[in-house]
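Worksheet: the structure to be examined is printed underneath.
The values are calculated or read from the model by the stated rules, or taken from the named source; none is laboratory data. Just so we're clear, the structure is a prediction, and the values are computed from it rather than from any experiment. Cβ coordinates were reconstructed from backbone atoms using ideal geometry, including for glycine residues, and neighbour counts include every protein chain displayed. The protein model used for the area step is the full one, side chains on, heavy atoms only, and it has no ligands, DNA or RNA in it. Shrake-Rupley method; radii C 1.70, N 1.55, O 1.52, S 1.80 Å.
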Amino acid sequence: MNHPFTVKFRLAFLIPLALLTISTNVSPTIAQSDVYKPIPITPGKVIVDKLSDKDIPTGQGGFARDYVLQLQEGNQLSIDLTSENFDTIVTLIAADGSTVAENDDGPDGSTNSLLFTRITKAGTYTVRVRAFGELAGGNFKLKVTLLKPL
């Protein structure tokens, strides 16, 4: 028969020893530091790309792809997003995450997107390409153009 002191001593010794053994057998987890990498773009160049289910989930069943560029205060720009595979939506996002402007359907009545805006604060901006609804996407063309002031 075990003495109550002996049982308590064994438990007090064995539990920390078991935890120590478990913790030394667990390999450390290394966090990925560069999970989100928007693609740099240059105004005036046409980007030909593909939106797929490997891109950023929108939480609405669809996916998005982000592009990043530097803009100056007073810049006027147009963002033209076209696709024959999906109904496009283009969003311009400021560095603080706020939406500067967004367009779903262009003025020509198509499901392509055409956005015009003026920049009020210099900084890094994100152009987000996504499909309307729950479509995964497909091929698209994106062009950001800096417009000349009148």
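Could you state the accessible area per residue of segment 81-124 in Å², with a 1.4 Å probe and every protein chain left in place? Mind showing how you got there, number by number?
Numbers: 2360 Å² over 44 residues.
Using a 1.4 Å probe on heavy atoms only, each residue of segment 81-124 averages 54 Å².
Report the label-to-label distance for Ser110 and Ser78 in nanometres (one decimal), using points 7 Å from each Cα along the Cα→Cβ vector.
Roughly 1.3 nm, to one decimal.
Ignoring any ligand, DNA or RNA, what whole percent of the accessible area of segment 45-121 comes from carbon and sulfur when the probe is 1.4 angstrom?
Numbers: 1940 of 4200 Å².
Result for segment 45-121: 46 percent of the exposed heavy-atom area is carbon or sulfur.
Once both labels are modelled 7 Å past Cα along the beta-carbon direction, what's the Asn85-Gln70 spacing in nm?
Calculated label separation equals 3.2 nm.
Report the GluC sites (Glu not before Pro) located in segment 67-150 that are in a DSSP loop and have at most 15 other Cβ atoms inside 10 Å of their Cβ, or state none. List each step's numbers first, then the result.
Numbers: sites: Glu73, Glu84, Glu102, Glu134; in loops: Glu73, Glu84, Glu134.
Passing both the DSSP loop test and the Cβ count: Glu73, Glu84, Glu134.
Run the simple label-point estimate for Leu147 and Asp53 please: 7 Å along Cα→C-beta, distance reported in nm.
Placing both labels 7 Å beyond Cα along the Cβ direction yields 3.9 nm.
Take peptides 55-62, 42-49 and line them up by average Cβ neighbours within 10 Å, highest first, as a rough protection proxy. Write out the running numbers ahead of the final one.
Details: 55-62: 13.9, 42-49: 12.4.
Per-residue Cβ counts within 10 Å, averaged per peptide and sorted highest first, yield 55-62, 42-49.
Check the straight Cα-Cα distances from Lys141 and name the lysines below 28 Å, setting aside those fewer than 8 residues away within the same chain.
Filter leaves Lys37, Lys45, Lys50, Lys54, Lys121.
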